[in-house]
1. Counting only residues that are part of a helix (DSSP H, G or I) and either farther than 30 Å from GLY155 by Cβ or of a type in the set (A, V, I, L, M) (or both), how many does segment 201-257 have?
2. Report yes if ASP58 is of a type in the set (D, E, K, R), in a loop (DSSP other than H, G, I, E, B) and without any contact (Cβ under 8 Å) to a residue 24 or more places away in the chain, otherwise no.
3. For residues in segment 215-241 being aliphatic (A, V, I, L, M) and surrounded by fewer than 24 Cβ atoms within 10 Å (Cβ to Cβ), which is farthest from the chain's Cα centre (by Cα)?
4. Pairs please, first residue from segment 1-19 and modelled with pLDDT of 95 or more, second anywhere and open to solvent by 90 Å² or more (accessible area, probe 1.4 Å), Cβ atoms under 6 Å, 6+ apart in sequence or on different chains.
5. Being open to solvent by 10 Å² or more (accessible area, probe 1.4 Å), outside any strand (DSSP E or B) and modelled with pLDDT of 95 or more: is that true of ASP266 here?
6. Being within 12 Å of the ligand (Cβ to nearest atom), surrounded by fewer than 21 Cβ atoms within 10 Å (Cβ to Cβ) and acidic (Asp, Glu) is the filter here, so list the residues in segment 331-355 that pass it.
7. Looking for whichever is under 30 Å from CYS196 (Cβ atoms), within 16 Å of the ligand (Cβ to nearest atom) and either more than 25 Å from the chain's Cα centre (by Cα) or buried (at least 22 other Cβ atoms within 10 Å of the Cβ) (or both) here; the options are LEU320, LEU328. Which one fits?
8. Being open to solvent by less than 60 Å² (accessible area, probe 1.4 Å) and of a type in the set (Ser, Thr, Tyr) is the requirement here; does SER83 meet it?
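The values are calculated or read from the model by the stated rules, or taken from the named source; none is laboratory data. Treat the numbers as computed from the prediction; the structure is a model and nothing was measured. We place every Cβ from the backbone using ideal geometry, glycine too, and count neighbours over all the protein chains shown. Ligands, DNA and RNA are stripped out before the accessible areas are found, and what is left, the full protein with its side chains, is counted by its heavy atoms. Shrake-Rupley method; radii C 1.70, N 1.55, O 1.52, S 1.80 Å.
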Amino acid sequence: MDAFHIEGGRRLEGEISVNGSKNAALPLMAAALLTNEPVVLRSVPDLADIRNMQKLLDELGCEVSSSESGSPRAVTLHVNDESISHARYDIVRTMRASVCVLGPMLARRGRARVSMPGGCAIGERPIDLHLRGLRALGAQIELDEGDVIATAPGGRLRGATVFLGGPFGSTVLGTANVMSAATLAQGTTVIESAACEPEIADVAALLNAMGARISGAGTPRVTIEGVDQLHGAEHSVIPDRIEAGTLMCAAAMTNGSVQIHDVPLDSMLAVVDRLTALGVVVQPEPSDDPQRVSCRVTCERVLKPIRVTTQPHPGFPTDLQAQMMALLCLADGNSIVTEKVFPERFLHVAELSRMGAELHRQGATVVVTGVRGLRGAPVMASDLRASASLVLAGLAAAGETVVNRVYHLDRGYENLEARLEQLGAAITRRGDSV
Ligand code: EPU
């Protein structure tokens, strides 16, 4: 298995552009199941999760081809066989986001069988809200041999008003599922307590380009007027706010100065607010598009301790909690990190401690006592963002850090080692890890 070997202590400098968003691209690709005309997506990142989604769509009769040449990378998705509607356990278990084929397949084919995703390293992750939403649209749902089997009586869903709030806020992929399914339903659907994440607005933008009638996406109330059919379309995936935030933390961790292009700044106000409170300088250049801004990120430590609480958008994203914690390890005093979206998402805590971090966890809160410096160590975490935080810690630590099992990172960061190396980091990938 591959590992990253990082020689810490190099200041990051230079320029880098943010890639397309993984978490937007996955439901966007699934939306191609809603039509038998080609859907072309641009700026799709080249990631393990995207390749898994390609494999799944291929099994479901949707041909996926990507233009390896040309930048940004374009992916064409074209359904040519609608007879299969079973997303098998073999694929779903490798990627939880496979669940986002459920809504589109049910809406278009009248039936979907999707292996129930299990828990994962960051917590229990139920799909009850997805199922509640689809039931409200008239779907009959049963569970058999670990699969969710959903059918639309008479072959078509019916519009309805559905409340998608749960104990930890709304659900991002659940909102994408119900919204996508409602595009082909008979009548109007209102989703109340919809997820407000920018990825939802991006999915709605593609669906509208395909002929759907969606308004309010990106707000807690989304209205969808059902149409009889959708057609092909072209769409560019929004830049990845989590990759942008990770790069900002990397610049700050190393007292660097990095110009980051294509930052979706309008979707990152909570992140910039916390970085600024900490003492990191984020200087945006004037831009016509608030979702593609060029920003210089610099940091002259001393960092001030802060409080960070993760929340659904527009709050501070859970997908940046681990990376922010790595940075807070170097602040001058006690910071407090509270996780309100996935209360168990702390796999990085024990590993950061191996590098000399002082972390005290109680339930969903961690007190981070800043230290003078981190020390390199062999580490590993079985979650994508936790692994990213270990890479960041390695960039700042004295000596060598070996981050094992980087296949977790490959799920969500394209060529991370090459991109950090381009900014001056001493990081190499080797195939010798445990
Ligand atoms: N939840 C329920 N019931 C449901 C669905 C969710 O109780 O039916 C709970 C979850 O357990 C969690 C909260 O609601 O406590 C939010 O979960 P959500 O459904 O919004 O998560 P998701 O849609 O499965 C996406 C991202 C995650 C990201 C979360 C939260 C994708 C592919 N995944 O997951 O990304 O953490 O939203 O923003 O879009 C990552 O990229 O590392 C990642 C884990």
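1. First pass over segment 201-257, keeping only residues part of a helix (DSSP H, G or I): 201-209, 241-253.
Within this subset, residues satisfying the condition of being either farther than 30 Å from GLY155 by Cβ or of a type in the set (A, V, I, L, M) (or both) are 201, 203-207, 209, 241-253.
Of the residues in segment 201-257, 20 are part of a helix (DSSP H, G or I) and either farther than 30 Å from GLY155 by Cβ or of a type in the set (A, V, I, L, M) (or both).
2. For ASP58, the condition - of a type in the set (D, E, K, R), in a loop (DSSP other than H, G, I, E, B) and without any contact (Cβ under 8 Å) to a residue 24 or more places away in the chain - is not met.
3. VAL227
4. From segment 1-19, the pairs are ALA3/ARG430; HIS5/ARG430.
5. Yes, satisfied.
6. Within segment 331-355, just GLU344 meets the criteria.
7. LEU320
8. no
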